[in-house]
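J.: Below is one structure. I have some questions about it.
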Amino acid sequence: MKLYKRTMRKISSISSLLFLLAFTLFFASNSFAQDAKAGEKIFKANCTACHAWDKKVLGPALQGVPERVQAGAYGDADSWLKAWIKDNAKVRASGDAYGNAVFAANGNSVMNAFGFLSDAQLNDVVAYLHVGPTTDNNGPKPGEFDCSPAQEAEADYSDLYLLLIIIGIATLIIVIFSGVNRSMRNVNNLKQGLSVEEGTSFWDATGKWIKSHKKLSSIIGLFLVLTLAKIGWDALAGIGVYEGYAPKQPIAFPHDLHAGKNEIDCKYCHSAARTSKTSGIPSANVCMNCHKAVQDGCRTGKTEIQKLYDYIGWNPDSMKYMTADGKMRTDTVIEWVKVHNLPDFVYFNHSQHVEVGKVACQKCHGEVEKMQEVKQFSELTMGWCVNCHRETEVNFAGNDYYLKIHEDAKKEFKHKKDFKFTVDKIGGLECAKCHY
Amino acid sequence: MTETKKYWKGLDELTAAPQFVEQSQKEFAEHVPVDKFLSDSEATESKTHRRDFLKYLGFSITAASLAACETPVVKAIPYLNKPEEITPGVANYYASTYFDGYDFAGIVVKTREGRPIHIKGNKHSQITGGAVNARVNSSVLELYDAKRGKAPAKKVAGTWKKGLEWSTVDKEISSQLSAVSAAGGKIVVLTGTLMSPSSEKAIAELAAKYPGTEHVVYDPISSAGILRANAAMFSKSAIPAYSFDKAKVIVSISADFLGGWLNSNQYAAQYGITRKPDGEWMSKHYQFETKLSLTGSNADVRATIKPSENGIAAAYLLKAVGGSVSVPAGLSEGAKKKLNKAAAELKAAAGHSLVVAGSNDSGVQLLVNAINKQLGNYGNTIDIESALHIRKGNDVDFAAMVSQMASGSVGAVLIAGVNPVYSSPAKIGDKGDFKTALSKVKLKVYLGDRLDETGAECDYICPDNHYLESWNDYNPAKGHYNIAQPAINKLFSTRQWQESVLTWSGNSTSFGDYVQSHWSTAGLVSGAAAWNEAVQHGVYIGHAAPAIVVDDKAPKKADAANVEMAMASAAAMTSNEIDLNKIASGFKTSDKWEVELYVKAGMGDGRHALNPWLQELPDPITKVTWDNYATMNPEDVKELFNIKGEGYEGHNELYLGEKYPAKVITVTANGVTLELPVYPLPGQARKTISVALGYGRSITSGIAREEWQGGLYKEGALIGVNAFPLISKDFLFSNTVDIATTTTTYPIATTQTHHTMMGRKIVNETTFHTFKNTADAKAPGAYNEQELLTDTYGKKKKPEELDLWEDQGIGLGHRWGMVIDLSTCIGCGACATACQSENNVPVVGKDEVRRSREMHWIRIDRYFSSHVNDEKVTELDQLNSIAEYHTAEVPDSDDNLQVVYQPVMCQHCNHAPCETVCPVAATTHSQEGLNQMAYNRCIGTRYCANNCPFKVRRFNWFQYDSLNLTQYPDFNKINPAHDDLGRMVLNPDVVVRSRGVIEKCSMCVQRIQHGKLEAKKAGHAVEDGSIETACAEACPTHAIQFGDLNDVNSYVSKASKEQRSYTMLDEVGVKPNVYYQTKVRNIEQEA
């Protein structure tokens, strides 16, 4: 259980890898003192993919490492560690006995060089290696972490249904009241010795009522026809629109956990969204950046993560690929089911929207960080696209591409009072922007 | 008497044949043979009643709506371990090199998700400078050819055992080679020109392992005549480096240097530079040739000579420039007159002129060398010191080898990169053909890429990689190195032939490593970084690297006893002193029929025969697709077939079209008789025919659409006829022939008479002198006069002042446009195949082309023109103008025909007539000046095509991309989009259009979008030149230029305002965004 908790903490720290890296680079250079806390941040940003404190991951467990290092030519353990972290290949090439022994003991797997770390940062890291993980870090405290799926808002009942219910109730009341009315009249008729009104059938009564209330009934009739037409139209227009589509995936990947609880940036996995027209489904090697270490899921335990391991042939116990050549399997396919489908004749480019337009992923995909199972959030129809292009203003600040065209547009639309530089002003509604 | 010029697209237009007039009124060929494509006869006799039909209709709509309710499950399968350099959706580009023994070009390969999909020129290459022809940019399709060899095969008792393991064949071949070598037998490695240092080293390793190995180089389209001439004159068996860009006067005697002669990519690029009239001078080009070639059609002055008059013309020219040589009898007066003129200009431009000859007769080449020497061109426009290595094949060596093979003294032969059973003459030297000689060899190993003509005669087939799967290095010229790198992993179990040779020599290195280690041991590049840089650029300039240079080795002396080269110059060449008089006196012409064998700009030497893009590319001159034929002067056709009538009556018989098949003749030479359709071609020398090589490959049987045609084509018929057997035994690409008429006919698919401009003046031309001396070209009477219109009040107004439409907002943002220079367009067709590759344009096949349904988004209109005076114009209008044609076309006349090429694609009119007639607004105008086409909106009324004044819209008559082979069995044989492998070549950024929609040039809107996005991401304005359409990028002479007309600094906005520029059909007022620049000819009088 303890291990499990710690693992979860690690995941949470991974989410802010990049930020932390930038942060530490900025601040660490200002402090020359050995700061174990700063070192921990650097450690988490750079090392946790391969190292854990008390457990062998790819590299050895680092608990007690300053004590067991045999510094050799480097004098003391700290100097050795710093040299090793900076460029371990150089240390090994120098013929350092302990370094080469460690290398061999860990299956000759090559450790990255961290030449970009400043001396101050190296000092911090080494300080951290003396102390070990602090308990009061930013992660949730034991027992605090809630990994149950986020509650999703209930769907609203539409006004239309409410209206229909009201109409139904009203009709019922009318029927009941007209019956009561007739009974009362009959009682009165009996008293006065007049003939008793026969109970007419509903249809007769309705017909009679319609005859006597021509104006009102034609209004109601028109209203009914229009309502039915609207329902029919919506049903037809909904063909091919799969809003809310949430297919089952081969691996139950919880976005709410990864993007929500752990705050992993969308574009860490879907990195192609910055550069390509597709956002890209992350390849398994991206998953393995974390899941070499994270072997237990917080909801499903080992079962779902094991599926990933099966696809690529990873053995979590020996921390090795089981293929003959020791590499990732390439003969399997993970058949993810595409949630957001655009027709073949539509060109949509993620990088245009994400990089240039600075549109948040959530604008089209909804709050994926709250979805356990991803579902289609928007209708993805042409009307939906076009509407957004009409409303959205071009994010042109600081982009020289738009300099001239913005000036031109201001001139072109100078007669308009509240001119907004929206996408449609520069051809955002034209056919060949998306169809070719 | 005022002179006018009349343009016509073919004889039928000139004479206004009634079929032509009828045809020209229609945008689409009529008579849709509905019953034929619903080939099921029951379908037409169906008893479905109207009510049943309505029931079916109702049911299908319901079913379709119900089916639509179910969410389709689409799988998205990512890489398991994504290669770092690949991002799905982003293209990668790799520099490489194309060389197949015939064409050479530095190229850049565009790949998407690891698949090569498009090829363009590599601008780093100093040899070709980014020029690629149609053959090179189409070669990407051949990678996905399902008919390539997929694994080694062995012939056992006459049948092929396929799908063998490499280790098995390696073992067997190595042991048999050892046996041959141990028994003292000869092993021959027969290849085309290699110019690859590492490949030659690999062969040397084989020779070291098996003593008695000899490397024979053989070029199907041989230029050994030049090699021999230079060996005799300069002791250097090499092709010199020609600089067409430095020559003020270019004289070519039958050298088609723009179409396929030697390094035509390089020459086209050079030629384009000085054909632009904007500089101080423009080159003057004389052409003397038999058939109207691509090069000849671009010449300023052209005269016809028979193939046997090549040498006489060279001797005449030599004498005229001051050489002492006696000129044998021959040549027409007209040709002599033009030769005299050429000589005068050559002398005036001595040292800045260039004379080239296409003949493979070393005698002709020696005379041409003498002319260039006389003019002092060596060291200026010709550099013999830094020679090109593009042709090294020696016919004498080849003939000697064949005779050794025939005598049984060759024990084993390894054939790589050439297909001699197909491409050698019927008689080699005095022996028979190659096939018979080959059968005498015990071990025959074929290292080609498939079971083709030569493969079928061998014992083993060890299939070669496609070049896009291979490593290679090239040394095209002294100090210049190119690298070819694989752009994709091997698709089949194939192996690069060099690697096979290495394996059999006992070297297990992969060829990629082999090339790298050879470069590093030779000291060409040192270190991985330098190597990587060389690979990244695809080119490496290293003058100080003698170790790796493929030297220009002296020719081996032919064994005179075995091979008798019947060349006029043979005797003269062996002596040390070159006796030009003796050479010249050897040339004799006769009045017999002669055949000239040439190479089509679209087909090359036949190795691309299975490439449907190239088969469907119309020939630049004849505009015929999917066939070769005998071109013949129309007067000869009339005489031969005894056609008597005058005017259109007579020309009825010359009309080629859907309903008018070609006449067929038999051609006999070398004991071989071929049946060939006749194509009447103006500008052909009298009593000659010309036949294209490269057709009639056995591998093409079955890609013609025979079953659909109800016996129109023969079952299993080949595409065209193989003319290689007609090559004379001394390897001249001409021969005397016997010609006989037949009564049979043959259907030909030509795009020539389609899409006519209805006699309106569409192309504009002038002379260099007029161009230089005109201040306002648009003024009335000037060469680029703008037609004025009369408004309601009788006022003359410029077309842009009168408008039916409201102004489009074209001032905001970009306005994409093109400027096409008719002066530099050489008509080669590289743009058409580049467009086909970029835009997934379907191939429709011969039969559909015959129905005018070709789908090319860009076509090159070819107009013939000749001088006619006013009286003659009237005569022409009265439909009996064959007499006029006589004066224009008879070679004796000074009044020879001229040719103008005009590439036409969608003009993206700002006031587009197509847009206003679309009932569903499927074609609309963009703010950036593009005429947009939304395929998913189009319902196929074809109103737009009818209303387009430029006839650029194409209709999808069939589901050309369908994988449903049972429904559309015909297209799968010709269309690359029809099998799973072929579909890999499709550009994923462009929609594949479905049946029933109109398509047309989009100005590569996907590239525009991409270029804009890149600029936005980088945060700067779009730089001029950063976006190029596929056609502009492919144009070797930069005749097509693309850019932003609203950007005042862009090339196109400046060029569109030049005096030479105009828009087509200006008076119609459609305001195209495509500008043309007047063609300028370097001739004396007003054309």
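Every number in this text was worked out from the coordinates using simple rules, so none of it is lab data. No experiment lies behind these values; they were computed from the predicted model shown. FYI the Cβ positions are ideal-geometry reconstructions off the backbone, even for glycines, and counts take in every protein chain you see.
J.: Just tell me which lysines come within less than 18 Å, Cα to Cα, of A:Lys416; anything on the same chain fewer than 8 places away is out.
T.: A:Lys425
J.: Next question, about the same structure. Please arrange A:His406, B:His608 by counting, for each residue, the other beta carbons lying within 10 Å of its beta carbon, fewest first.
T.: A:His406, B:His608
J.: How would you classify segment A:159-237 from its alpha-carbon gyration tensor, with a ≥ b ≥ c the square roots of the eigenvalues: rounded for a/c under 1.5, else prolate if a/b is greater than b/c, otherwise oblate?
T.: Prolate is the answer for segment A:159-237, as a/c is 1.5 or above and a/b outweighs b/c.
J.: At a Förster distance of 25 Å, what's the computed FRET efficiency of A:Ala61 paired with A:Thr303, Cβ-Cβ distance as r, to 0.05?
T.: That pair, A:Ala61 with A:Thr303, gives E of 0.45.
J.: When the Cα centres of segment B:396-415 and segment B:239-259 are compared, how far apart do they sit, in Å?
T.: Cα centroid of segment B:396-415 versus Cα centroid of segment B:239-259: 35 Å apart.
J.: Next up: For a quick check: with amide H placed at 1.01 Å from N, whose amide H comes under 5 Å from B:His215's, ignoring anything fewer than 5 positions away on the same chain?
T.: B:Val189
J.: How high is the FRET efficiency between A:Ala105 and B:Thr168 when r is their beta carbon distance and R₀ equals 45 Å, given to the nearest 0.05?
T.: Here the calculated transfer efficiency is 0.55.
J.: Work out the FRET efficiency for B:Glu113 and B:Ala179 from their Cβ-Cβ distance, taking R0 = 60 Å, and round it to the nearest 0.05.
T.: Working from the Cβ atoms, E equals 0.80.
J.: Filter A:Lys191/A:Lys214; B:Lys155/B:Lys444; A:Lys90/A:Lys327; A:Lys208/A:Lys230 down to the pairs with a C-alpha to C-alpha distance above 22 Å, please.
T.: Flagged as over cut-off: A:Lys191/A:Lys214; A:Lys90/A:Lys327; A:Lys208/A:Lys230.
J.: At 7 Å along Cα-to-Cβ for each site, give me the label-to-label distance between B:Phe492 and B:Lys147 in nm.
T.: 1.2
J.: Let me ask something additional. Output the antiparallel fraction of DSSP beta bridges having both residues in segment B:225-388, as a percent to the nearest 5.
T.: In segment B:225-388, approximately 15 percent of DSSP beta bridges are antiparallel ones.
J.: In addition: In this model, which of B:Lys147/B:Lys392; B:Lys778/B:Lys1079; A:Lys277/A:Lys433 are farther than 19 Å apart at the alpha-carbon?
T.: Violating the 19 Å Cα-Cα cut-off are B:Lys147/B:Lys392.
J.: Under 12 Å from the Cβ of B:Leu57, count the other residues' Cβ atoms, weight Lys and Arg +1, Asp and Glu -1, and hand me the total.
T.: With Lys, Arg at +1 and Asp, Glu at -1, the neighbours total +2.
J.: If each of B:Val156 and A:Phe177 carries a label point 7 Å out from its Cα toward its Cβ, how far apart are those two points in nm?
T.: 9.8
J.: Enter the mean number of other protein chain beta carbons within 10 Å of the beta carbon of each residue in B:85-91, as an integer.
T.: That average works out to 5.
J.: Next question, about the same structure. Per 0.36 nm of contour for each residue apart, how much would the distance between B:Glu1014 and B:Lys797 grow if the chain were fully extended, relative to their Cα-Cα spacing?
T.: 73.8 nm
J.: Mind ordering B:508-518, B:360-370, B:849-859 by average Cβ neighbours within 10 Å, highest first?
T.: B:360-370, B:849-859, B:508-518
J.: What order do you get for B:442-449, B:983-990 when each peptide is scored by the mean count of other beta carbon atoms within 10 Å, highest first?
T.: In decreasing order of mean packing, B:442-449, B:983-990 become B:442-449, B:983-990.
J.: Now for a different question. In nm, to one decimal, how far is the A:Phe116 label point from the A:Ala237 one, both placed 7 Å along Cα→Cβ?
T.: 5.0
J.: Of the cross-linked pairs B:Lys1000/B:Lys1071; B:Lys796/B:Lys1071; A:Lys404/B:Lys120; B:Lys319/B:Lys373; A:Lys267/B:Lys110, which ones have a Cα-Cα span greater than 23 Å in the structure shown?
T.: Check vs 23 Å cut-off fails for A:Lys404/B:Lys120; A:Lys267/B:Lys110.
J.: Averaged across the residues of B:1008-1017, what count of C-beta atoms belonging to other chains lies within 10 Å of each residue's C-beta?
T.: 5
J.: Now a separate question. Would you list, by chain and number, the lysines whose Cα falls below 18 Å from the Cα of B:Lys663, excluding same-chain residues fewer than 8 positions away?
T.: B:Lys623, B:Lys638, B:Lys644, B:Lys687, B:Lys714, B:Lys846
J.: Please rank B:Phe955, B:Phe434, fewest neighbouring Cβ atoms within 10 Å first, as an exposure proxy.
T.: Ordered by Cβ neighbours within 10 Å, fewest first: B:Phe955, B:Phe434.
J.: Moving on to the next point. Could you please rank A:Ser201, B:Ser500, B:Ser865, placing first whichever residue has the fewest other Cβ atoms within 10 Å of its Cβ?
T.: A:Ser201, B:Ser865, B:Ser500
J.: Cα to Cα, under 20 Å, and not fewer than 8 places away if on the same chain: which lysines meet these conditions relative to B:Lys55?
T.: In chain and number order, the partners are B:Lys47.
J.: Mind ordering B:403-413, B:899-909 by average Cβ neighbours within 10 Å, highest first?
T.: The peptides rank, most packed first, as B:899-909, B:403-413.
J.: Still on this structure, I have one more. How many partner chain Cβ atoms sit within 10 Å of a residue's Cβ in peptide B:935-947, on average, as a whole number?
T.: Partner-chain Cβ atoms within 10 Å, mean over residues of B:935-947: 1.
J.: Post the alpha-carbon centroid distance, segment A:277-320 to segment B:348-370, in whole angstrom.
T.: After rounding, the separation between the Cα centres reads 71 Å.
J.: Okay, which of segment A:352-384 sit inside 11 Å, backbone N to the point 7 Å along the Cα-Cβ direction of A:Asn395?
T.: The answer is A:352-363, whose backbone nitrogens lie closer than 11 Å to the label point.
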